[in-house]
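Presented below is the structure to which this report refers.
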Amino acid sequence: MIQDVLELQQRHEDFIKNICQTEIVFGLENNVGFATLDSTNYENENGKPMPVMCFWSDRNKALACAKDKWKQYRPAEIKLSEFIEEWCVGMYNEGLLAGTDFDENKQGNESDALELLLEITAELESLGKEPEFKKFENLADLEEQIREILE
């Protein structure tokens, strides 16, 4: 069990590093929307599993999960700046968790979208990268606004 948790955490950390290097995130999309599943770790205020929207750092990892319930889904590429501005903020507003680098058994890390966002900004800062944003002046502005929401 501890080994599983450590593996999920390592995959999550690798996800952050990889998407910050490539500046690309992948989701699984069909004609209705993007792949989601029920959280195995978190419940909403009504005691129901929270929805998790899943993302991958690599097209092939996403494709490997396009089976069973997700067999009609195909990998969709998302620019990192769009993922940050539109997806993470949107998931937070809609009460969705972010799932990172889920495996073929649909096991992966689940996290609050804004916490994920702060992890991404920290990694981008450590790499000296400054994506161009439409809604934020820069990473510092983004980080400041996110921290205000979380306080």
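Values for this structure:
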{"quantity": "Correct option for Kirkwood radius over Cα pairs in Å [calculated from the coordinates] among (1) 16.1; (2) 15.7; (3) 16.9", "calculated": "(2)"}
{"quantity": "Solvent-accessible area per residue, Å², over the range 1-146 with all protein chains present [probe radius 1.4 Å]", "calculated": "55 Å²"}
{"quantity": "Label zone at Ile149, where the point sits 7 Å out along the Cα-to-Cβ direction: the range 48-88 residues whose backbone N lies under 13 Å", "calculated": "83-88"}
{"quantity": "Percent carbon-and-sulfur accessible area, the range 1-148, ignoring ligands, DNA and RNA, probe 1.4 Å", "calculated": "45 percent"}
{"quantity": "Check: the range 1-148 dipole with +1 on Lys, Arg Cβ and -1 on Asp, Glu Cβ, in debye", "calculated": "760 debye"}
{"quantity": "Solvent accessible area, Å² - Thr40, 1.4 Å probe, full protein context", "calculated": "110 Å²"}
{"quantity": "Label-to-label distance, nm, for residues given as Asn46 and Phe34 (7 Å Cα→Cβ offset)", "calculated": "2.3 nm"}
{"quantity": "Leading residue at positive end of dipole, the chain (Cβ point charges), from Val52, Ala66, Val25", "calculated": "Ala66"}
{"quantity": "Helical segments meeting 18 Å axial Cα length and Kyte-Doolittle -0.5 threshold in the chain (DSSP H)", "calculated": "113-127"}
{"quantity": "Across Lys69/Lys134; Lys17/Lys134; Lys17/Lys48; Lys48/Lys69; Lys69/Lys135; Lys17/Lys61, pairs whose alpha-carbon gap is larger than 27 Å", "calculated": "Lys69/Lys134; Lys17/Lys48; Lys69/Lys135"}
{"quantity": "Candidates Gln72, Gln107, Gln21: whichever shows maximal mean-square fluctuation once the chain is modelled as a Gaussian network with Cα springs under 10 Å", "calculated": "Gln72"}
{"quantity": "Gain on full stretching of the segment that runs from Glu7 to Ala140 - 0.36 nm per residue minus C-alpha separation", "calculated": "44.8 nm"}
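The values are calculated or read from the model by the stated rules, or taken from the named source; none is laboratory data. Remember, it's a predicted structure, so these values are computed and weren't measured experimentally. No Cβ is skipped: glycine too gets one built from the backbone with ideal geometry, and neighbour counts run over all protein chains shown. Calculation scope for accessible area: heavy atoms of the full protein, side chains included, ligands and nucleic acids excluded. Shrake-Rupley method; radii C 1.70, N 1.55, O 1.52, S 1.80 Å.
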